[in-house]
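Q: Below you'll find the structure I mean.
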Amino acid sequence: MSDEDDIILSELDDDELVQQMHDDLYDGLQDEIVEGVEILLNRGWTPYNVLTKALVEGMTIVGIDFRDGILFVPEVLMAANAMKAGMGILRPLLAETGAPRVGKIVIGTVKGDIHDIGKNLVSMMLEGAGFEVIDLGINNPVENYLEALEEHQPDILGMSALLTTTMPYMKVVVDAMVEKGVRDDYIVMVGGAPLNEAFGESVGADAYCRDAAVAVETAKALIAKRREVGAA
Ligand code: B1M
């Protein structure tokens, strides 16, 4: 049930339900989002479709209205928490591919930045594609990345930034890797709404990823390329 007593989510058809979930996400209604996710899954929707059509599309609307000054930080936080609640159900399902691990990635949002929805999405999609993901969370100083690389020896380092003020920190991390002589031991992938290809190149990353789907494809392609070169 939504907070409007007359709406019973399970009685809506798929299109109406997805529309209602966009509204519920906008209103930050966690319980309704969880219920909507469960209903769609029970109706045979794939976790990926629930994620992209019900949650990501809904969050895009929130983003636009935040940008335009229609929504404010507390409301966006509530929407983000509702999205997280939905993602909590989808995460294990997306990871349940039974596929052998295709690679390992250490990923985290850079220092000064607490945005993690996109990064979590990338992590979930990578897990779903068979990757082992070590998620460092938010606000990571360079030391966190370096320690995690040493400890976990991943194939890939992934960094996320959503602010124009924090994205330059990616170069600090890559430069530290160069200084330590370990830059070429790892594939470096970066992403986040304010980034682009040129920025990715300028910080010395191997790839900029526009979205989670591109991140998965790029991760697979770069690992395959690296293994080919290693085998030659
Ligand atoms: Co913030 N925020 N926010 N915010 N926030 C933005 C980013 C902003 C563009 C909004 C706006 O003004 N239009 C703006 C940045 C402007 C700029 O830098 N030029 C902004 C601002 C200004 C701020 C604050 C400074 C606001 C304030 O306090 N005055 C503050 C900063 C706090 C900080 O970090 N120090 C702040 C705070 C917040 C909340 C806490 C309220 C909340 C974050 C909650 C959370 O993440 N747990 C929030 C949110 C939700 C947003 C918006 C609305 C949505 C971001 C999001 O989750 N998008 C955002 C507006 C927008 O982007 N339209 C905004 C959905 C997500 C699925 O997309 O993150 O782009 P995205 O991830 C994509 C790709 O980018 C890519 O794949 C993902 C999935 O497809 N990707 C990667 C991302 N990371 C990757 C890593 C990879 C690969 C791909 O590695 C390999």
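The values are calculated or read from the model by the stated rules, or taken from the named source; none is laboratory data. Keep in mind it's a predicted model, so treat the numbers as computed, not measured. Don't worry about glycine lacking a Cβ; one is built from the backbone with ideal geometry, like all the others, and counts go over all protein chains shown. Surface accessibility is based on the protein's heavy atoms, side chains included, excluding ligands, DNA and RNA. Shrake-Rupley method; radii C 1.70, N 1.55, O 1.52, S 1.80 Å.
Q: May I ask you to say which residue of ALA198, ALA219 is within 15 Å of the ligand (Cβ to nearest atom) and open to solvent by less than 70 Å² (accessible area, probe 1.4 Å)?
A: ALA219
Here is a yes/no grid of residues against (1) under 19 Å from the mean Cα position of the chain (by Cα); (2) in a helix (DSSP H, G or I); (3) more than 20 Å from GLY103 (Cα to Cα); (4) among the basic types (Lys, Arg):
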| position | (1), (2), (3), (4) |
| --- | --- |
| VAL172 | no, yes, yes, no |
| ASP184 | no, yes, no, no |
| LEU195 | yes, no, yes, no |
| GLY200 | yes, yes, yes, no |
| GLY230 | no, yes, no, no |
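Q: Which condition number in (1) assigned to a helix (DSSP H, G or I); (2) crowded, with 18+ Cβ neighbours inside 10 Å; (3) in contact with a helix residue (DSSP H, G or I) (Cβ under 6 Å, 6 or more places away or on another chain) is the one that VAL34 fails?
A: Only one criterion is unmet by VAL34, namely (2).
Q: Let me ask something else. Inside the stretch 48-167, counting only helices (runs of 4 or more DSSP H) that do not spill past its ends, which hold 1 or more residues that are surrounded by fewer than 17 Cβ atoms within 10 Å (Cβ to Cβ) and not assigned by TED's automatic domain parsing to the domain that holds GLY28?
A: In the stretch 48-167, 142-152 are the helices (runs of 4 or more DSSP H) which contain 1 or more residues that are surrounded by fewer than 17 Cβ atoms within 10 Å (Cβ to Cβ) and not assigned by TED's automatic domain parsing to the domain that holds GLY28.
Q: Can you confirm whether MET170 is open to solvent by less than 30 Å² (accessible area, probe 1.4 Å) and under 19 Å from LEU222 (Cα atoms)?
A: So MET170 fails the test.
Q: May I pose another question? Taking the criterion of being in contact with a helix residue (DSSP H, G or I) (Cβ under 6 Å, 6 or more places away or on another chain) and of a type in the set (Phe, Trp, Tyr), would at least one residue in the stretch 193-212 satisfy it?
A: Yes, there is a match, as at least one residue in the stretch 193-212 is in contact with a helix residue (DSSP H, G or I) (Cβ under 6 Å, 6 or more places away or on another chain) and of a type in the set (Phe, Trp, Tyr).
Q: Which numbered condition in (1) among the polar types (S, T, N, Q); (2) within 8 Å of the ligand (Cβ to nearest atom); (3) over 28 Å from VAL76 (Cα atoms) is the only one that SER160 fails?
A: (3)
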